[in-house]
Structure formats: structure tokens, C-alpha cells
Amino acid sequence: MAVTASGPVKRGMRDYTLNLDGVNEQHIDTDGDFFHIQSVSVGAANILLRFDDGPQITRQQGEGNRVYYSRVSITASAACALVVQLGYGYATDSRSSIAVGTITTPITPALHNPAVPDVACAPGVTTQILAGDANRLGAIIGVASTAANGVRIADGAAAAGAGVLVEPGQSLPLFSQDVIAAYNPGAGAITVTVTKFMKT
């Protein structure tokens, strides 16, 4: 059975509704340059399409692409009702979706960022900069541009070759409630500047 688009050729997309038996092809005689599988009543069904009696391709609900045609032949892997968009234009892919529950705990900004004294990091050792704090949202660790060398930043396991290297003149934001420590690989003390962001 063929469905024929009547009237003058118009630009744009048009919906065609077909009841497919899962065996026989149905044909739509219309010109176009894009198709889109709008909806399939059986979600697991594959839609099989041929354009101008060319090779068969497989698509699913939400899929489509550009192809030039004057006749479309359609069947499916299972009996289903199909809505397909055909014509000149384009359609968006509707497959992507996000299913989430109700978000009841918003992430609030820090209420304050208290002054934290500079921390002198002795050479060749790991120095604690901030203790672990469940009330802390994060912190920024900085090294002065005039410092002789950078430091390694991590938790209490910061060491030579371990941790993020913060070079002179750089700062590092850390979003952690864990201990923050610095390892100084240099020959002299390095002063680290700190600010922290607190929930309360």
C-alpha cells in the first residue's frame, strides 16, 4: 500500500502515521531531504527503511538523518504504530533524557571565607595546611610569585612526586573536607597562602 502526498510541493516536515504489521512494507510517495522517527508504539521495535528502492537501513525511535528521496518504504521488526516525519527540513533527536528524583538538598554557597594565617612549609617535609573539616566546602592554596620553588598539594600523603604541583605565582582551588597538606621539595622554607570556604 502506498501513501501519496498530494498537492503542490511545500518545504517543511510532515507527520505520517502508519500501522505496521512487522512483515510487509508500506510505501510513502513524497519528496524530501530528511526523515525522523517520531514515535514507535513498541519501544523495542526496529524501523526498517528504504529510500527510492535503495538498500534497507535500521533506525529506532528518535533517530533520523538527511537523505534525498521521492519514495520511502517502511516496515518494522514487530507490529507497531509508527509516526515518521518526512519532507524538507530537519528534526531534533529525542532519544536523550534524564530521569532524576526530587532534589531536596540544594548546594548552597559558602557563608564566609575566614582569614587563615600563612603557613610556612619547611624544606623536605610535609606540612599540614588545613585540618579535615566537615563544615568546609573548599579552599584555595597559593604560592607567592617570589617563592624559590613550588610545593606539592594533597592530603596528608603529599610527598616528593605525589600531589598537585603548585608553582610560584599559582593558586589551586580544592573542593575537599579532607586534610590539606603541602610537601616542599626545595632547600628553603616556602610560605603558602590560604583561604577556605565554610558552610557556616
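Consider only pairs whose beta carbons are under 7 Å apart and that are at least six residues apart or on different chains; among these, list those whose first residue lies in segment 153-167 and is more than 18 Å from Gly132 (Cβ to Cβ) and whose second residue is at pLDDT 90 or above and among the polar types (S, T, N, Q).
Ala159/Thr126
Does Thr126 meet the test of being surrounded by 19 or more Cβ atoms within 10 Å (Cβ to Cβ) and free of Cβ contacts under 8 Å to residues at least 60 places away in the same chain? Give the steps one after another, and end with the answer.
Numbers: surrounded by 19 or more Cβ atoms within 10 Å (Cβ to Cβ): yes; free of Cβ contacts under 8 Å to residues at least 60 places away in the same chain: yes.
Spelling it out, Thr126 is indeed surrounded by 19 or more Cβ atoms within 10 Å (Cβ to Cβ) and free of Cβ contacts under 8 Å to residues at least 60 places away in the same chain.
Collect the residues in segment 177-200 that are of a type in the set (Ser, Thr, Tyr) and in a loop (DSSP other than H, G, I, E, B), keeping them in residue-number order.
Pass one, segment 177-200, residues of a type in the set (Ser, Thr, Tyr): 183, 191, 193, 195, 200.
Within segment 177-200, just Thr200 meets the criteria.
At pLDDT 95 or above, more than 29 Å from the chain's Cα centre (by Cα) and farther than 29 Å from Ala187 by Cα, is that true of Ile74? Can you show your working first?
Numbers: at pLDDT 95 or above: yes; more than 29 Å from the chain's Cα centre (by Cα): yes; farther than 29 Å from Ala187 by Cα: yes.
In short, yes.
Are any residues in segment 56-90 of a type in the set (Gly, Ala, Ser) and surrounded by fewer than 18 Cβ atoms within 10 Å (Cβ to Cβ), and if so, which ones?
First, pick out the residues of segment 56-90 that are of a type in the set (Gly, Ala, Ser): 62, 64, 70, 73, 76-79, 81, 87, 89.
Gly62, Ser70, Ser77, Ala78, Ala79, Ala81, Gly89, listed by residue number.
All but one of (1) closer than 30 Å to Leu137 by Cα; (2) modelled with pLDDT of 95 or more hold for Thr105, so report the exception by its number.
Exception for Thr105: condition (2).
Would a scan of segment 127-141 turn up a residue that is acidic (Asp, Glu), in a loop (DSSP other than H, G, I, E, B) and either modelled with pLDDT of 80 or more or touching a Ser or Thr at 6+ places or on another chain (Cβ under 6 Å) (or both)?
Going through segment 127-141, the residues acidic (Asp, Glu) turn out to be 133.
Remaining after also requiring in a loop (DSSP other than H, G, I, E, B): 133.
Retained after the next criterion (residues that are either modelled with pLDDT of 80 or more or touching a Ser or Thr at 6+ places or on another chain (Cβ under 6 Å) (or both)): 133.
Yes, that holds for at least one residue.
For segment 173-189, indicate whether the set of residues that are of a type in the set (Val, Ile, Thr) and touching an Asp or Glu at 6+ places or on another chain (Cβ under 9 Å) is non-empty.
Checked segment 173-189: at least one residue is of a type in the set (Val, Ile, Thr) and touching an Asp or Glu at 6+ places or on another chain (Cβ under 9 Å).
The values are calculated or read from the model by the stated rules, or taken from the named source; none is laboratory data. None of the values given here were measured: they were computed from a predicted structure. Reconstructed Cβ throughout: ideal geometry from the backbone, glycine too, with neighbour counts over all protein chains shown.
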